[in-house]
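Trainee: Okay, handing you the structure first.
The values are calculated or read from the model by the stated rules, or taken from the named source; none is laboratory data. Please read all numbers here as calculations on a predicted model, not as lab measurements. We place every Cβ from the backbone using ideal geometry, glycine too, and count neighbours over all the protein chains shown.
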Amino acid sequence: MYSLVRPLLFCLEPETAHRCTLNAMRQLDRLGLAPAPARAPAACERTVMGIRFPNPVGLAAGLDKNGEYIDALARLGFGFIEIGTVTPRPQPGNPRPRMFRIRAARAVINRMGFNNDGVDRVLENVQRARYRGVLGINIGKNFDTPLERAADDYVTCLRKVYPFASYVTVNISSPNTERLRRLQGAGALDALLSVLTAERRVLAAKHGRTVPLALKIAPDLDRPQVETIAALLRKHALDAVIATNTTVTREGTAGLPHEHEAGGLSGAPLTARATSVVRQLAQVLAGKLPVIGVGGIMTAPDAREKVAAGASLVQLYTGLIYRGPALVRECIAALCGK
């Protein structure tokens with residue numbers, strides 16, 4: 001059905017189409033008209049970060065920033081759902097238009113800018129959801145928080161989401177918040193992870209459970225930078241690394257409409273670059289902590305390639321825009337040996 005609807009959606013401005021699609025899915029779910037996802041066989045289960053995932057295919061952060069559509073998205077059969085990025089205070093993000101399709105390249109450029117309703121409102125949505133599966137919550141800093149105080153924002157979010165998250169992702173790699181990627185530098189990252197892991201110890205004692213922490217990194221890193229980040233992940237005993245966010249390069253889009261728009265590029269042009277970072281991380285980490293692969297998964301073979309490169313789990317986003325729900329089923333089947 002999605003192949004029939006997609007031409008109509010692609011006539012709309014991308015952000016409008018995004019909202020229309022999610023609202024329609026939510027309405028079908030509320031009316032009981034959405035099909036229940038097929039139960040994945042036991043062979044699909046993966047234990048990663050100490051969490052049992054019913055299958056290894058998840059939803060990447062960014063599609064449901066405010067946790068408004070968790071139940072509807074769960075109908076697609078994901079093994080886990082990640083919402084966000086959320087910030088301590090609500091913020092509107094960058095001015096529209098801020099999302100652009102590059103159809104010939106099966107790509108999207110976005111400069112959303114962490115638009116979200118703030119962590120308190122997001123958690124109200126989480127508590128209303130019926131979903132009881134694996135839920136990741138992706139946290140970031142407000143755009144107007146100085147970089148030297150970024151840790152305060154991450155700690156605020158960590159404290160609030162901790163009781164509700166299966167795992168928490170620390171997003172320091174969006175290209176759409178000014179200077180945010182500087183937190184991937186060795187000194188800044190060492191300091192940030194030190195603060196967050198210390199706070200997690202306090203929260204674990206308070207709540208009686210340790211919530212895994214994952215770090216989401218950019219694809220635009222060289223090998224020495226990847227090695228430095230990997231060393232810091234091990235030093236601070238993080239539980240996973242998510243590779244990758246969107247890229248600021250424009251490989252594969254030369255001469256196409258919107259190629260010069262500012263923002264992060266996702267979709268097919270990112271596939272090889274993201275997979276390369278997954279492979280580098282897997283080599284350097286040598287099984288000491290898992291890698292979650294995301295970026296340019298447009299087909300089932302793309303998902304298999306991420307796993308072959310060393311990913312324990314994968315996440316989808318832009319592929320859903322171009323392929324629809326069938327992509328979820330195909331990736332599950334490919335990774336579960338069906």
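Trainee: Give the residues of segment 312-329 that are aliphatic (A, V, I, L, M) and touching a residue at least 40 places away in the same chain (Cβ under 8 Å), sorted by residue number.
Mentor: In the first step, residues of segment 312-329 are kept if they are aliphatic (A, V, I, L, M); the result is 313-314, 316, 320-321, 326-328.
Answer for segment 312-329, where residues must be aliphatic (A, V, I, L, M) and touching a residue at least 40 places away in the same chain (Cβ under 8 Å): 313, 314, 316, 320, 321, 326, 328.
Trainee: Here's another thing I want to ask about it. Counting only residues that are crowded, with 16+ Cβ neighbours inside 10 Å and either over 26 Å from residue 221 (Cα atoms) or out of contact with any Asp or Glu (no Cβ under 7 Å at 6 or more places or on another chain) (or both), how many does segment 144-157 have?
Mentor: Just the residues of segment 144-157 that are crowded, with 16+ Cβ neighbours inside 10 Å, to begin with: 145, 150-151, 153-157.
Keeping just the survivors that are either over 26 Å from residue 221 (Cα atoms) or out of contact with any Asp or Glu (no Cβ under 7 Å at 6 or more places or on another chain) (or both) gives 150-151, 153-154, 156-157.
Count: 6.
Trainee: Looking at segment 106-123, which of its residues are in a loop (DSSP other than H, G, I, E, B), free of Cβ contacts under 8 Å to residues at least 60 places away in the same chain and within 17 Å of the chain's Cα centre (by Cα)?
Mentor: Listed by number, the list holds a single entry, 115.
Trainee: Any idea which of (1) assigned to a helix (DSSP H, G or I); (2) closer than 23 Å to residue 331 by Cβ; (3) in contact (Cβ under 8 Å) with a residue 12 or more places away in the chain is the one residue 17 doesn't satisfy?
Mentor: (3)
Trainee: May I ask you to list the residues in segment 41-84 that are surrounded by fewer than 23 Cβ atoms within 10 Å (Cβ to Cβ), touching a Gly at 6+ places or on another chain (Cβ under 7 Å) and of a type in the set (A, V, I, L, M)?
Mentor: Correct list: 43, 74.
Trainee: Same structure, new question: Being more than 14 Å from the chain's Cα centre (by Cα) and either crowded, with 17+ Cβ neighbours inside 10 Å or modelled with pLDDT of 95 or more (or both) narrows it down to one residue among 321, 297, 242, 292; which is it?
Mentor: Working: 297 fails: more than 14 Å from the chain's Cα centre (by Cα); 242 fails: more than 14 Å from the chain's Cα centre (by Cα); 292 fails: more than 14 Å from the chain's Cα centre (by Cα).
Residue meeting the stated conditions: 321.
Trainee: Hey, another quick one. Which ranges mark the helices (runs of 4 or more DSSP H) fully within segment 234-334 that have 2 or more residues being more than 16 Å from residue 60 (Cα to Cα) and among the β-branched types (Val, Ile, Thr)?
Mentor: Numbers: elements: 271-285, 300-309, 318-323.
By residue number, 271-285.
So that you can scan it fast, the table gives a plain yes or no per residue for (1) part of a helix (DSSP H, G or I); (2) aromatic (Phe, Trp, Tyr); (3) within 17 Å of residue 241 (Cβ to Cβ); (4) touching a residue at least 12 places away in the same chain (Cβ under 8 Å):
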position: 132; (1), (2), (3), (4): no, no, no, no
position: 138; (1), (2), (3), (4): no, no, yes, yes
position: 148; (1), (2), (3), (4): yes, no, no, no
position: 153; (1), (2), (3), (4): yes, no, no, yes
position: 157; (1), (2), (3), (4): yes, no, no, yes
position: 160; (1), (2), (3), (4): yes, no, no, yes
position: 170; (1), (2), (3), (4): no, no, yes, yes
position: 177; (1), (2), (3), (4): no, no, no, yes
position: 182; (1), (2), (3), (4): yes, no, no, yes
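Trainee: Looking at segment 276-296, which of its residues are closer than 13 Å to residue 223 by Cα and out of contact with any Leu (no Cβ under 8 Å at 6 or more places or on another chain)?
Mentor: Within segment 276-296, 276, 278, 279, 280, 281, 282, 283, 284 meet the criteria.
Trainee: Could you check how many residues of segment 61-106 are of a type in the set (A, V, I, L, M, F, W, C), in contact with a Ser or Thr (Cβ under 9 Å, 6 or more places away or on another chain) and under 20 Å from residue 23 (Cβ atoms)? Talk me through it step by step, then tell me what you get.
Mentor: Looking only at segment 61-106, we keep the residues that are of a type in the set (A, V, I, L, M, F, W, C), and these are 61, 63, 70, 72-74, 76, 78, 80-81, 83, 86, 99-100, 102, 104-105.
Those still in the list that are in contact with a Ser or Thr (Cβ under 9 Å, 6 or more places away or on another chain) too: 61, 80, 102, 104-105.
So of that shortlist, the ones also under 20 Å from residue 23 (Cβ atoms) come out as 61.
Number of matching residues: 1.
Trainee: Go through the residues of segment 310-317 one by one and say whether even a single one is surrounded by fewer than 21 Cβ atoms within 10 Å (Cβ to Cβ) and in contact with a Phe, Trp or Tyr (Cβ under 7 Å, 6 or more places away or on another chain).
Mentor: Among the residues of segment 310-317, not one is surrounded by fewer than 21 Cβ atoms within 10 Å (Cβ to Cβ) and in contact with a Phe, Trp or Tyr (Cβ under 7 Å, 6 or more places away or on another chain), which makes the answer no.
Trainee: Being part of a helix (DSSP H, G or I) and in contact (Cβ under 8 Å) with a residue 12 or more places away in the chain is the filter here, so list the residues in segment 198-224 that pass it. If you could, list the steps in order and put the result at the bottom.
Mentor: Just the residues of segment 198-224 that are part of a helix (DSSP H, G or I), to begin with: 198-207, 223-224.
The answer is 199, 200, 203, 207, 223.
Trainee: From 72, 61, grab the single residue that is part of a loop (DSSP other than H, G, I, E, B), of a type in the set (A, V, I, L, M) and within 22 Å of residue 332 (Cα to Cα). Spell out how you get there, then give the answer.
Mentor: Numbers: 72 fails: part of a loop (DSSP other than H, G, I, E, B).
One residue alone meets the criteria, 61.
Trainee: Then there's this: Being under 22 Å from residue 288 (Cα atoms) and polar (S, T, N, Q) is the filter; apply it to segment 40-76 and report the residue that is farthest from the chain's Cα centre (by Cα).
Mentor: 47
Trainee: Could you please let me know if residue 108 is within 30 Å of residue 256 (Cβ to Cβ), touching a Lys or Arg at 6+ places or on another chain (Cβ under 7 Å), modelled with pLDDT of 95 or more and buried (at least 22 other Cβ atoms within 10 Å of the Cβ)? Outline the logic, then answer.
Mentor: Numbers: within 30 Å of residue 256 (Cβ to Cβ): yes; touching a Lys or Arg at 6+ places or on another chain (Cβ under 7 Å): yes; modelled with pLDDT of 95 or more: yes; buried (at least 22 other Cβ atoms within 10 Å of the Cβ): yes.
Taking the combined requirement at face value, the residue satisfies it.
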